[in-house]
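Structure, as structure tokens:
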Amino acid sequence: MTGPEVIYKLVDAEDWQVATVDGAYPGSAVDLRDGYIHMSTADQLEETARRHFSGLPDLLKVTIDTASLADLPDEALRWEPSRGGALFPHLYAPLPLSAVQSVEACHVDEDGRLVMEREA
């Protein structure tokens, strides 16, 4: 399946700092356990935030250019059914920082809403 031009990953800010040193993001503990990096489309991001990141501070919303993942091994990016049968992007390789378009600070409030941080 061909998906949107950009997809998203919510990441703990401290974990991301380690990735920037290594040149690639290997995934969260949950990603490593499952064998792939869980990602979301724009339409899926709010629900992902509510279900899996509610109340967590110090997050980053990482925007990924899917075309930049074309250099990875075949089928590293797969669209697989998850919540309610919706197809979610799963990355079966470390996320190269070269595929990242932007990184924005955010958190998920106590009501489960994704809140982008204001720049100073």
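The values are calculated or read from the model by the stated rules, or taken from the named source; none is laboratory data. Since this is a predicted model, take the numbers as computed values, not measurements. Every residue, glycine among them, receives a Cβ derived from its backbone with ideal geometry; neighbour counts consider all protein chains shown. For accessibility, only protein heavy atoms count, side chains too; no ligands or nucleic acids. Shrake-Rupley method; radii C 1.70, N 1.55, O 1.52, S 1.80 Å.
Do we have any residue at all in the range 103-115 that's loosely packed, with under 15 Cβ neighbours inside 10 Å and under 19 Å from E5 (Cβ atoms)?
Within the range 103-115, one or more residues are loosely packed, with under 15 Cβ neighbours inside 10 Å and under 19 Å from E5 (Cβ atoms).
Answer yes if at least one residue in the range 79-88 is open to solvent by 40 Å² or more (accessible area, probe 1.4 Å), closer than 20 Å to W16 by Cβ and either in a helix (DSSP H, G or I) or modelled with pLDDT of 95 or more (or both), and no otherwise.
There is no residue in the range 79-88 that is open to solvent by 40 Å² or more (accessible area, probe 1.4 Å), closer than 20 Å to W16 by Cβ and either in a helix (DSSP H, G or I) or modelled with pLDDT of 95 or more (or both).
Within the range 104-120, track down each residue that is of a type outside the set (A, V, I, L, M, F, W, C) and either farther than 20 Å from H52 by Cβ or assigned to a strand (DSSP E or B) (or both).
Our first condition is that a residue be of a type outside the set (A, V, I, L, M, F, W, C); within the range 104-120, this holds for 104, 107, 109-113, 117-119.
Within the range 104-120, E104, H107, R118, E119 qualify.
Being in a strand (DSSP E or B), within 13 Å of the chain's Cα centre (by Cα) and among the β-branched types (V, I, T), is that true of even one residue in the range 90-103? Don't jump to the end; show me each part of the working.
Applying the first criterion (in a strand (DSSP E or B)) to the range 90-103 yields 90-91, 95-96, 100-103.
Pick out the ones that are also within 13 Å of the chain's Cα centre (by Cα) and you get 90-91, 95-96, 100-103.
From the residues that got through so far, the ones that are among the β-branched types (V, I, T) too are 100, 103.
Looking for residues that are in a strand (DSSP E or B), within 13 Å of the chain's Cα centre (by Cα) and among the β-branched types (V, I, T), one finds at least one in the range 90-103, hence yes.
Checking the conditions here, which among L60, L69 is in contact with a helix residue (DSSP H, G or I) (Cβ under 6 Å, 6 or more places away or on another chain) and modelled with pLDDT under 95? Before you say what the answer is, go through the steps one by one.
Values: L60 fails: modelled with pLDDT under 95.
Going through L60, L69 in turn, the sole match is L69.
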